[in-house]
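Visitor: Just passing along the structure, written as structure tokens.
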Amino acid sequence: MKMIRVEGVVLREQPIKEQDRLVTILTKEQGLLRAFANGARNPKSRNLAATSLLTYGSFSVAESSSGTLAIRESEVKESFFSLRENLVALSLAQYFAEVAAELAPAGDPAGEMLPLLLNAIHLLSLGKKDPVIIKAGFELRFCALAGFMPSLVACASCGTYESETMKFCPVSGRLFCENCTPPETFVPVSLSVVYAMRHICFSEPNRVFSFKIAGEAKEQLEELSERYLRVVSNHNYKTLNFYKTMKR
């Protein structure tokens with residue numbers, strides 16, 4: 001039986017039988033990893049804490065000859081316990097986990113996806129940064145990492161870098177200047193929104209959430225990033241609906 005050691009964030013936990021769990025973990029080296037944790041729901045289990053939703057931990061995983069994975073040992077590295085004290089932040093973190101479970105690769109390296117998710121959850125747990133900035137930053141950057149990088153460098157038609165207002169097409173992810181007419185549905189966007197989107201997609205990994213935006217521009221950025229994610233993933237996120245209910 002082959003043994004592997006991974007670190008990652010638990011994205012999903014599914015009860016199996018009376019005391020077992022099937023967990024989905026986002027790891028850097030293996031991408032999405034699904035493994036059984038026998039007895040993990042038993043209050044006395046050493047795997048109880050580490051296999052809980054949104055926990056970052058290290059895992060010793062056994063792989064059988066049939067390819068089935070089972071967690072033998074685990075250790076909590078960060079539980080983000082303070083999230084439980086803020087239901088809005090918790091629901092947003094759960095949404096991030098659902099996005100990752102939908103878009104991250106299975107069995108292949110996930111690259112920057114795990115650090116991005118960890119950073120986003122960490123910022124939510126601190127409660128010091130605007131959740132809208134964290135949400136938009138996570139959505140657009142995760143789309144880019146998943147192979148859905150929007151085309152934001154210049155107008156897709158004439159190559160103009162910027163105009164007073166620009167047009168973004170959520171379906172194709174293309175940007176157009178004010179003088180060009182997109183061949184598809186578009187949303188007029190201000191330059192501040194364009195700058196924020198460019199920063200999210202092109203900045204260094206540790207600076208994804210280091211931008212400022214306010215007022216109508218912030219609302220527009222939140223709407224566009226969410227809409228683009230929905231289009232490219234073609235998925236209805238139940239946790240997103242719950243987050244919106246909680247933030248009212």
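Visitor: Can you tell me which residue among Ser52, Ser45, Ser65 is over 30 Å from Leu145 (Cα atoms) and either touching a residue at least 40 places away in the same chain (Cβ under 8 Å) or in contact with a Cys (Cβ under 7 Å, 6 or more places away or on another chain) (or both)?
Guide: Ser65
Visitor: Checking Glu98 against (1) under 25 Å from Ala214 (Cβ atoms); (2) assigned to a helix (DSSP H, G or I): exactly one of these is not met. Which one?
Guide: Among (1) under 25 Å from Ala214 (Cβ atoms); (2) assigned to a helix (DSSP H, G or I), Glu98 violates only (1).
Visitor: Follow-up question, since we're still on this one. Out of all the residues in the range 14-36, is one or more outside the structural domain of His235 (by TED's automatic domain parsing), under 29 Å from Leu140 (Cα atoms) and touching a Lys or Arg at 6+ places or on another chain (Cβ under 6 Å)?
Guide: Taking every residue of the range 14-36 in turn, at least one turns out to be outside the structural domain of His235 (by TED's automatic domain parsing), under 29 Å from Leu140 (Cα atoms) and touching a Lys or Arg at 6+ places or on another chain (Cβ under 6 Å).
The values are calculated or read from the model by the stated rules, or taken from the named source; none is laboratory data. All values derive from a computational prediction rather than experimental measurement. All Cβ positions, glycine included, derive from the backbone under ideal geometry; neighbour counts span all protein chains shown.
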